[in-house]
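Below is one structure, written out as structure tokens; comments come after it.
The values are calculated or read from the model by the stated rules, or taken from the named source; none is laboratory data. Every value quoted in this text rests on a predicted model; they were computed, and no experiment measured them. Cβ atoms come from the backbone with ideal geometry, glycine included; neighbour counts cover every protein chain shown. These accessible areas exclude ligands, DNA and RNA; they are computed on the full protein's heavy atoms, side chains included. Shrake-Rupley method; radii C 1.70, N 1.55, O 1.52, S 1.80 Å.
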Amino acid sequence: MPVIEVTNLHKRYREQVAVHDVSLTVEAGEIFGILGPNGAGKTTTVECVAGLRVPDGGGVSVLGLDPRRDADRLRERVGVQLQESQLPDRIRVGEALELYASFYRDPADPERLMDELGLRDKRDAAYKKLSGGQKQRLSIALALVGNPEVAILDELTTGLDPQARRDTWRLIEGVRDGGVTILLVTHFMEEAERLCDRVAVIDAGRVVALDSPAALVSRAAPRQRLRFRVSVPLDDRLLTDLPEVVTVEHRGSQVVVTGGDSMLQAVTSTLARHQITVADLRVEQSTLDDAFVELTGHRPDDH
Ligand SMILES: Nc1ncnc2c1ncn2[C@@H]1O[C@H](COP(=O)(O)OP(=O)(O)OP(=O)(O)O)[C@@H](O)[C@H]1O
């Protein structure tokens, strides 16, 4: 049985449809990512899974239970970190964790969580004195303090610097290795590629793709990108006529060509035949970023 099952979820805020039709299942032990541009309906979807919003249509089940009707039974088993967790300004980090731990029968050790999330030296700091990144880490700790079977994490690493982000990924992998199933919302392609076993790409309230990051990349995007400079102005048709080439773009003095695996050979030999010298040639593999643009028509960080 899937741990989370969302079936034809539909949710409106008055006339505004936030989620048209979203279906997905999350299996035990997975890290499942929801990716999508701003306003795609990601938060609304996970809020319905967390029982914080009532769907207008479709169904949600978590550990075989209804997130609204069975809220009391799920509270012990599901940890939720949402975008803006509001705590009283004066509560101290250690106090907040002790308090939340007291709500659960079998909580995690607050001291260990503070160590793992780099909050040890903020133990006695008041919430309002924390930086954005520290508040973020505290909200992750609060989602995990009940030793949940399922963790729902919205914008897990927004506001964290690159090092803190990598530390958080390691922590989340450790949590998953301990048997917790994780549903997370992210804007960061790198995060999805590194962390998620499967990803649902949501755009305008609908799932436009659902697969492992590697499968999304190989299915949706051209496999390679070449960047180089040329000695003379380039007639793009020389390259766009090649069957291996998908796109040719100019970015400043650089030419950027995308296409399939055998493109490098085809492009360089065509240019050589026309006595065009290539400099600063770089070959890059496609990433989930490319797949995302292909699937949604937006860059992941478009706002
Ligand atoms: N409480 C609300 N009242 C009215 N409209 C809302 C509310 N919450 C969200 N919306 C609208 O519903 C749509 C989906 O919002 P949602 O927050 O679920 O998207 P999202 O993909 O999580 O976006 P973001 O990445 O910006 O957080 C948006 O158009 C948003 O403006």
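Computed values, structure above
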| read-out | value |
| --- | --- |
| Share of carbon and sulfur in the accessible heavy-atom surface of the stretch 132-172 [1.4 Å probe, %] | 45 percent |
| Amide H within-cut-off set for residue 246, under 5 Å, with H built and near neighbours excluded | 258, 259, 260 |
| Area projected by the alpha carbon convex hull of the stretch 109-153, averaged over all directions, nm² | 3.2 nm² |
| The stretch 263-283 residues near the modelled residue 241 label - backbone nitrogen below 14 Å, point 7 Å along Cα→Cβ | 267, 270-275 |
| Inter-label distance for residue 227 and residue 126, nm, one decimal - labels placed 7 Å from Cα along Cα-to-Cβ | 4.7 nm |
| P(r) weight above 13 Å for the stretch 222-285, C-alpha pairs, percent | 57 percent |
| Accessible-area composition of the stretch 222-285, carbon plus sulfur, in percent [1.4 Å probe] | 51 percent |
| Rounded to the nearest 10 Å², the accessible area of residue 187 at probe 1.4 Å | 40 Å² |
| P(r), alpha carbons of the stretch 4-214 - 10 Å bins starting at zero, rounded % | 9, 36, 36, 18, 2 |
| Proximal lysine pairs, the chain, alpha carbons under 30 Å, eight or more residues apart or interchain | 6 |
| Residue (of 214, 138, 181) at the positive-pole extreme of the chain, dipole from beta-carbon charges | 138 |
| In Å², nearest 10: area of residue 122 left accessible to a 1.4 Å probe | 60 Å² |
| Net dipole in debye of the chain [+1 Lys, Arg Cβ; -1 Asp, Glu Cβ; about Cα centre; nearest 20] | 500 debye |
| CD proxy at 222 nm, helix term only [per DSSP H run n ≥ 4: -39500 (n - 2.57); per residue of the chain; nearest 500] | -9000 deg cm²/dmol |
| Antiparallel content of DSSP bridges confined to the chain, in %, to 5 | 65 percent |
| Amide H partners (placed H, <5 Å) of residue 202, local residues excluded | 35, 36, 208 |
| Pair residue 16, residue 163: separation of 7 Å Cα→Cβ label points (nm) | 3.9 nm |
| Solvent exposure of the chain as accessible area per residue, Å², 1.4 Å probe | 49 Å² |
| Rel. contact order, % - alpha carbon contacts under 8 angstrom, at least six apart, the chain | 20 percent |
